[in-house]
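Presented below is the structure to which this report refers.
Please treat every number below as a calculation from the coordinates, not as lab data. What you see is a predicted model; the values in this text were computed from it and never measured. Virtual Cβ from ideal backbone geometry, glycine too; neighbours counted across all protein chains shown.
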Amino acid sequence: MKKIFIMIGIMLVIFSISYAQADFSINGYLETDNRMLTDDNYFTWNKNQLGLKFEGSYSTNYHLYSEIRLRGFGFPEISQTADLQNKDKIYKWDLEFREAYLDLYQFGLQDLDVRIGRQIIKWGTADKLNPTSNICPDDLEDVFNFGEQSGVNSVLASYYLGDFTFSGVYVPVFTPAVLPSGIYASALSAPMELSAGMTLRKYCDKIVLPEQKFTESSQAAFKLGTSLFDYDLSLSYYYGRDDFPLLNKITITPVDTSGTADVATEMIYPKMQVIGADFAGSLFDVGIWGEVALTIPDEVEMQTILGEEVQKSIALKDDPYCKFVLGGDYTFKNGIYLNAQFLHGFVHERGTDDLNDYLTFRFEKKFFNDELKIVPIGGAVSVTDWDDYENNFGVVINPELSYFPYDNIEMILGAFVLGGKGDNMFSALKDNDEVYFKAKVSF
């Protein structure tokens, strides 16, 4: 805890000195977020967060930017008297460096800009759900905060030639995605199932990260962007790894003759290539956008070890598969705003046979000079089998009421209502309806 405050204090001193000597700015926000299950009044989310953003430059040749988050997140973890003497167990804090990078303008060439450091590189034109954006790992700590990503240490070079922009990215070290935890963990992972007649005694899993070698851990991406007939267009290519782990080994060890067994699993991050294209523009008064991503994965072998018997199969075929999203938004004359998207393939889904369909939607209306915003209906619907959609669907409804009592202050009251049937991410959480309250002040 002391190290965190010392670090923030040092940064504030450094930037205060720099601010007096150059064109620097400091801004940020303070936010609280609390959630509770409607069935049993059980609190599931308790987050207080201070975000600070520093940026500026000493000259027109370069610019620096940094964002940090100081968070109090979670609940007390107390099981014995000694824990009451440890503040970290009573109230958990952590410090996250979101971004910290340096922009170099006209670096060596008149039309070449370079960005070096920890950065969030988000490609694509769709609203939050971007199948062409694969450079930065997904951050699904909050499973309902679609589109959140973590920063990576990288180099981004952009070259401007007329109406065209050529971008290249190099990421030396692989970073995995952050997965949901607690009651949300079941949204993206299926429970471990054993053969009929077998009983699980002990389970352990192992994650194998890529070796920290250039040939194993590095990632690269390229993008060509331009504008044509008032539409923004781009083509992209990514070579790296899927940031979600894939099961490739199961070891089942019988411990008695009645079917009781210990199970150990191993997961890896498969290599892949992604060829992407996107567009954004407007058709009359309707904003429209779309993305398509063709993923070419490396084949991954699956091993199932039962005693001395080893069975081999394919965990992931090297067959290409395609994810895409198409959406639009429109503001009606009465002020009602509508945003809707159709998505084929969520961020964690892979393989042609495992891609599902999703529809996201949001209606909102502002009142009293924008002091009050009401979202009577918003959320998403998923379908995993169109031939039997009545038994293979999921839904999350997300109504919200936002109040802006003063400038830069927002207070939100909302709910997540979940339901569905079959095996999908929303029906897996259908017993976890929640209400939440958020408050945020920006400065």
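Among 304, 165, 226, the largest mean-square fluctuation in a Gaussian network model of the chain (Cα springs under 10 Å) belongs to 304.
Of the residues 185, 264, 177, the one that moves most in a GNM of the chain with alpha-carbon contacts below 10 Å is 264. So how far, in whole Å, is the C-alpha centre of segment 47-72 from the one of segment 87-135? Answer, in whole Å: 11. About the centre of its Cα atoms, the chain shows a dipole size close to 1300 debye [charges on the beta carbon of Lys, Arg (+1) and Asp, Glu (-1) only; nearest 20 debye]. The phi-based Karplus calculation (6.51 cos²θ - 1.76 cosθ + 1.60; θ = phi - 60°) puts the 3J(HN,Hα) values of segment 270-280 at x, 6, 7, 10, 10, 9, x, 8, 8, 8, 7 Hz, whole numbers, x for Gly and Pro. Taking the square roots of five times each eigenvalue of the Cα gyration tensor of the chain, the equivalent ellipsoid has semi-axes of 36, 29, 28 Å, listed largest first. Residues considered: 259, 197, 290. Largest GNM mean-square fluctuation over the chain, using C-alpha springs under 10 Å, is found at 197. Separation of segment 209-256 from segment 283-313 is 10 Å, based on Cα centroids. Each of 404, 418, 377 was scored by the projection of its Cα onto the charge dipole of segment 356-443, and the greatest displacement toward the positive side belongs to 404; charges sit on the C-beta of Lys, Arg, Asp and Glu.
Building the convex hull from the alpha-carbon atoms of segment 189-246 and averaging its projection over directions returns 7.9 nm². Ordering of 345-355, 212-222 by packing is 345-355, 212-222, highest average first (other Cβ atoms within 10 Å, averaged per residue).
Evaluate the charge dipole of segment 356-443 about its Cα centre and quote only its size in Debye, nearest 20, assuming +1 on the Cβ of each Lys and Arg and -1 on the Cβ of each Asp and Glu.
Values: 8 positive and 15 negative charges, 86 e Å.
Value, rounded to 20: 420 debye.
Among 288, 247, 164, which residue has its Cα furthest toward the positive end of the charge dipole of the chain, with +1 on Lys/Arg Cβ and -1 on Asp/Glu Cβ? Most positive-ward Cα: 164.
For the chain, adding -39500 (n - 2.57) for each run of n ≥ 4 DSSP H residues and dividing by the number of residues yields -2000 deg cm²/dmol at 222 nm.
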